[in-house]
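K.L.:
Below is a structure I'd like to ask you about.
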Amino acid sequence: MKPERNPALENLLRGISTGHIETVRDAWRDLLSQADAVVPAVLDKLDTKAWADKPRGPIGRYLGILLALLNEVDSKTFKQEIAGLRTTKLHTLHRRTVDIMSHRCWDRIYAHVGPGIPVYISNELDDPKPLFEDLKRWVQTPNLDMSGLTRIDIIAKHAHMDYFGLYDLFYSGIVLAWPPAPAHGLRSWGRRMNGEFTFYHEVGNHTCGHLEGGQIAKQEREANKYALEMFRLAHPRLIGTLYVLVFPFAPLLRRYFKKKGEQPPTSN
């Protein structure tokens, strides 16, 4: 007996096929709240011989999104499905998708923060406890709005990566890239300050409803402004001290930013 049609799942696949971020995001959140009904519907979609054929149109993106959803709602069934798919005839591109998704079999929720948001920390980071303790402090910042966030991933930052953080537009998640090599003294302090500001910036992208993934300068400025305000609320004494130290150089800074065609960062 086939499971009943799931409208949210249909919306998710339609959003993936059209690249409509709002549709994917809203459907994803809806699906995460109805896990019991999602699993049979996803398994039904995965039970097709289409994966043996060359992907045509949006179907090439469906396998990955269906497996990602299954992993979110039922990791045990996800592992079983990965094992099952590996024994079937798959087109080369679909097999690659299965291989990539199989790495999620080792994903573990390290803990939860805020309003029940799962935190995943890469096993490439040797000592995740201090990092998680920092994250717990960051999420307690007054007025920080994390409603609607679905997950936080902390991954290892490698040389080829040109970012410290990302906002996952489709799934309303935050990714933080953390250097795996240990740091001490001022270097450790600077890394933590940068990580905290990056976290606030990505929460700002989420809270402000940005959908272009850092491609729009105006939105990046808006996220930076949000991050500055959160940082000020989290560190009132530090910001006050910096203000006293920097204020005498304000005219020089204004001239510098004016020459660069930018506005100096400010906090109210």
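K.L.:
Before anything else, pin down the relative contact order of region 113-179: Cα pairs under 8 Å, at least 6 apart, normalised by residue count, whole percent.
P.N.:
Answer for region 113-179 is 34 percent.
K.L.:
Could you give the size of the charge dipole of region 1-131 about its Cα centre, using +1 on the Cβ of each K and R and -1 on the Cβ of each D and E, expressed in debye and rounded to the nearest 20?
P.N.:
Details: 19 positive and 17 negative charges, 118 e Å.
That gives region 1-131 a dipole magnitude of about 560 debye.
K.L.:
Rounded to a whole number, what % of the accessible area of region 134-194 do carbon and sulfur atoms account for, probe 1.4 Å?
P.N.:
Answer for region 134-194 is 58 percent, counting heavy atoms of protein chains only.
K.L.:
Moving on. To the nearest 20 debye, what is the magnitude of the charge dipole of region 117-166 about its Cα centre, counting +1 on the Cβ of each Lys and Arg and -1 on the Cβ of each Asp and Glu?
P.N.:
With Lys and Arg at +1 and Asp and Glu at -1, about 160 debye.
K.L.:
Antiparallel DSSP bridges in the chain: what percent, to the nearest 5?
P.N.:
Roughly 45 percent of the DSSP beta bridges within the chain come out antiparallel.
K.L.:
Could you work out the helix-only [θ] at 222 nm for the chain, with each DSSP H run of four or more residues adding -39,500 (n - 2.57) and the total divided by the number of residues, to the nearest 500 deg cm²/dmol?
P.N.:
Counting only the DSSP helices, I get -17500 deg cm²/dmol.
K.L.:
Over region 99-237, how many pairs of lysines fall under 26 Å by alpha carbon, counting only those 8 or more apart in sequence or from different chains?
P.N.:
Eligible lysine pairs with Cα atoms under 26 Å apart amount to 4.
K.L.:
What whole number of Å gives the distance from the Cα centroid of region 104-144 to the Cα centroid of region 37-71?
P.N.:
29 Å
The values are calculated or read from the model by the stated rules, or taken from the named source; none is laboratory data. A quick note: this is a predicted structure, and the numbers were derived from the prediction, not measured. Cβ sites come from the backbone with ideal geometry, for glycine too, and all protein chains shown count toward neighbours. Each accessible area value is taken on the protein alone, full model and side chains, heavy atoms only, with ligands, DNA and RNA left out. Shrake-Rupley method; radii C 1.70, N 1.55, O 1.52, S 1.80 Å.
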